[in-house]
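Remarks on the structure that follows.
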Amino acid sequence: MKKEFAITTIISLTFLSLGFLLLHYELIGYGLSFFVFLPFILGYVLGKSTLKAFSLFGLIFSLVVFFLLLLFGDLEGMVCILMAMPLIIVPILLGVLIKYFVKKYQKREKNKNLIKSTILPFCIFLIFGFAENKLMENDKAIVEIKTEIILPYSSMEVYETIKSVDTLDAEKPFLMKLDLPIPQKCILEEEKVGAIRTCYFEEGKIIERVTELEKGKLLRMDVIDYQLTGRKWFDFKEAIY
C-alpha cells in the first residue's frame, strides 16, 4: 500500500512539475496541451490503480504539494491557482474514469511497470505541446479594458492627482483581498514625452514611458516592463488616462 502511494505521488509530481517547467520557459503555451492533455494522460496512466485508497491519497497529496509550491515559490498567484485547479483536476478524473472502463472490459489484464508505462504518453504530450505552441505563437489578441468614473473635480485637478500617486488607500475589491497585485503608489519622473512613470505594487512594479501628454486632457504611456508575481502569460501594451 505504501508503494502504491509513493509511485502515484512520484508520477503525478513528475508529470505536473515537468509540464509547468515547459510552460514557465515558454516551450509550450497556456493551452490544451497543459490544461487538458497533460492532466488527462496523467489520469489515464494512473488509471485503475488510482481508485485504490492509497493511490488516490497519493494523487491528492501530489496535487496539494504542486499547487503549494507554485504559491509559496511566487510562481503563480492564488487567483491563478484557483482558476487552474478545476482545469487540471477534471481532465485527471476523466482520464482515470476512461482507463477504469478500458481495463474493466479488457479480456486479459496485462501487468505493466507503471513508471515505464508513463514514457510514451509523456513523449506524446511533448509532441502535442511543442506543435500547439508553434501553431499558436502568432495567434495573439489585443484586448482593451476600459473603466470610467465621473468625479466632482476639474480635469486639471484629476490630472494632477493621477500623474503621480503618493499613497493608494481605498477599499480593496475581493480579488485583491484574495491575491491580485495591490498597487501602492505611482511616480512620474518628469512631465514630458519620453519620461518614465513607475507604479509600485506590494510585490513588483510596472514601468511606463510617456508617449503623449496634454495637461488636464491626456496622459498616454507605453508599458515597457512589468515585474509581478506569476508567469507573464499576458502582456500590458499601454495605459491611457
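From the list 138, 133, exactly one residue is touching a residue at least 40 places away in the same chain (Cβ under 8 Å) and more than 22 Å from residue 188 (Cα to Cα). Which is it? Outline the logic, then answer.
Working: 138 fails: touching a residue at least 40 places away in the same chain (Cβ under 8 Å).
Testing whether each residue is touching a residue at least 40 places away in the same chain (Cβ under 8 Å) and more than 22 Å from residue 188 (Cα to Cα) leaves just 133.
Restricting segment 140-167 to residues that are more than 23 Å from the chain's Cα centre (by Cα) and of a type in the set (Asp, Glu), which is farthest from residue 196 (Cα to Cα)?
Applying the filter and picking the extreme gives 148.
Is it true that some residue in segment 220-239 is among the hydroxyl-bearing types (Ser, Thr, Tyr) and under 16 Å from residue 165 (Cα atoms)?
First pass over segment 220-239, keeping only residues among the hydroxyl-bearing types (Ser, Thr, Tyr): 226, 229.
From what's left, under 16 Å from residue 165 (Cα atoms): none.
No, that holds for no residue.
Kindly establish whether residue 125 is among the aromatic types (Phe, Trp, Tyr), at pLDDT below 90 and on the phi < 0 side of the Ramachandran plot.
Values: among the aromatic types (Phe, Trp, Tyr): yes; at pLDDT below 90: no; on the phi < 0 side of the Ramachandran plot: yes.
When the stated conditions are applied, residue 125 does not pass them.
Which residue pairs have Cβ atoms closer than 9 Å, lie 6 or more positions apart in sequence or on different chains, and pair a first residue in segment 29-55 that is modelled with pLDDT of 85 or more with a second residue that is basic (Lys, Arg)?
Going by the 9 Å Cβ cut-off, the qualifying pairs are 43/99; 44/99; 45/99.
Quick one: in segment 160-186, which of the residues that are among the aliphatic types (A, V, I, L, M) and either within 15 Å of residue 204 (Cβ to Cβ) or not assigned by TED's automatic domain parsing to the domain that holds residue 216 (or both) is surrounded by the most Cβ atoms within 10 Å (Cβ to Cβ)? First the steps, then the outcome.
Of the residues in segment 160-186, the ones among the aliphatic types (A, V, I, L, M) are 162, 165, 168, 170, 175-176, 178, 180, 182.
Restricting the remaining residues to those that are either within 15 Å of residue 204 (Cβ to Cβ) or not assigned by TED's automatic domain parsing to the domain that holds residue 216 (or both) gives 168, 176, 180, 182.
Details: 168: 14, 176: 15, 180: 18, 182: 12.
Restricting to residues being among the aliphatic types (A, V, I, L, M) and either within 15 Å of residue 204 (Cβ to Cβ) or not assigned by TED's automatic domain parsing to the domain that holds residue 216 (or both), the top hit is 180.
Looking only at segment 193-218, which residues are touching a residue at least 60 places away in the same chain (Cβ under 8 Å) and more than 22 Å from residue 182 (Cα to Cα)?
Of everything in segment 193-218, those that are touching a residue at least 60 places away in the same chain (Cβ under 8 Å) and more than 22 Å from residue 182 (Cα to Cα) turn out to be 216, 217.
Identify all residues within segment 113-139 that are assigned to a helix (DSSP H, G or I), over 20 Å from the mean Cα position of the chain (by Cα) and crowded, with 17+ Cβ neighbours inside 10 Å; write none if there are none.
If the condition is that a residue be assigned to a helix (DSSP H, G or I), over 20 Å from the mean Cα position of the chain (by Cα) and crowded, with 17+ Cβ neighbours inside 10 Å, then 118, 121, 122 are the ones that fit.
In this structure, is residue 105 more than 22 Å from residue 133 (Cα to Cα), among the hydroxyl-bearing types (Ser, Thr, Tyr) and modelled with pLDDT under 90?
Spelling it out, residue 105 is indeed more than 22 Å from residue 133 (Cα to Cα), among the hydroxyl-bearing types (Ser, Thr, Tyr) and modelled with pLDDT under 90.
If residue 190 passes every condition in (1) surrounded by 14 or more Cβ atoms within 10 Å (Cβ to Cβ); (2) without any contact (Cβ under 8 Å) to a residue 24 or more places away in the chain but one, which one does it miss?
(1)
Tell me which residues, restricted to segment 64-83, are in contact with a helix residue (DSSP H, G or I) (Cβ under 7 Å, 6 or more places away or on another chain) and free of Cβ contacts under 8 Å to residues at least 60 places away in the same chain.
Listed by number, the residues that qualify are 65, 66, 67, 70, 71, 81.
So which of 147, 198 ends up being at pLDDT 90 or above and either in contact with a Pro (Cβ under 6 Å, 6 or more places away or on another chain) or more than 30 Å from residue 22 (Cα to Cα) (or both)?
Details: 147 fails: at pLDDT 90 or above.
Within the list 147, 198, the selection yields 198.
The values are calculated or read from the model by the stated rules, or taken from the named source; none is laboratory data. Just so it is clear, the structure is predicted and the values come from calculations on it, not from any experiment. Neighbour counts are summed over all protein chains in view; Cβ atoms, including those assigned to glycine, are modelled from backbone coordinates with ideal geometry.
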